[in-house]
Amino acid sequence: MMTVWGVPIGVQLDVGNALVGIGTILLAFVTFFITYANIRETRRIALRSSKAEAHQQLSDRRLMWSDGLREEVAELIALGANFDPNDKVRSDQLTKCTTTIALRLRPDHEDDEILLDILRDLLDFVKVLQTCGAKQKQQKLRQFIDKINEVQPAAKTVLQNEWETIEAEINWEKGV
């Protein structure tokens, strides 16, 4: 019998069982650390994946915005090419199309502001053409056509800048 500070202790030490217990504890710690590392890696991958998905959605929305603007500008140019100030329906369509394009643009971007100025001028011409005399109407109509011809280059610049933004986002997403 063993004594500790003079107190008899009846402890029988079984080495085999002690080693099994220590092994079990060590296995639990190793399992904990491996699981923790896997959870961290899974979270990191999920976060990266969700960021890539968000950028993809943003790029898709920007492409839809560009397509919509392109269609509206084409419609505006078609309406303006055959514009008759006496045709109330066509004047209303042109006004609606011009307003829709203006609402898509961002006035804090310089190229968008240029296109917005052209659109404002077109709306002013539509109003003036409906109220002016015959001689003045011909002059204003020529100015209106000249202004319509400015829409396409201005819109092309806006769309080109938007495409460069989309392309930069796609390249960032790919890690280029």
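The values are calculated or read from the model by the stated rules, or taken from the named source; none is laboratory data. As the structure is a computational prediction, the values presented were derived from the model and not from experiment. Cβ coordinates were reconstructed from backbone atoms using ideal geometry, including for glycine residues, and neighbour counts include every protein chain displayed. What goes into the accessible areas is simple: the full protein's heavy atoms, side chains included, and nothing from ligands, DNA or RNA. Shrake-Rupley method; radii C 1.70, N 1.55, O 1.52, S 1.80 Å.
Structure summary
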quantity	calculated
Test for Ile77: is it in contact (Cβ under 8 Å) with a residue 24 or more places away in the chain, among the hydrophobic types (A, V, I, L, M, F, W, C), closer than 30 Å to Lys51 by Cα and outside any loop (DSSP other than H, G, I, E, B)	no
Scope region 37-94; condition of a type in the set (Ser, Thr, Tyr) and open to solvent by less than 50 Å² (accessible area, probe 1.4 Å); matching residues	Ser59, Ser66, Ser91
Residue in region 154-175 that is on the phi > 0 side of the Ramachandran plot, open to solvent by 40 Å² or more (accessible area, probe 1.4 Å) and not in a helix (DSSP H, G or I) present	yes
Unique residue being over 24 Å from the mean Cα position of the chain (by Cα), assigned to a helix (DSSP H, G or I) and either at pLDDT 90 or above or among the acidic types (Asp, Glu) (or both) when the list is Asp84, Asp112, Asp124, Asp67	Asp124
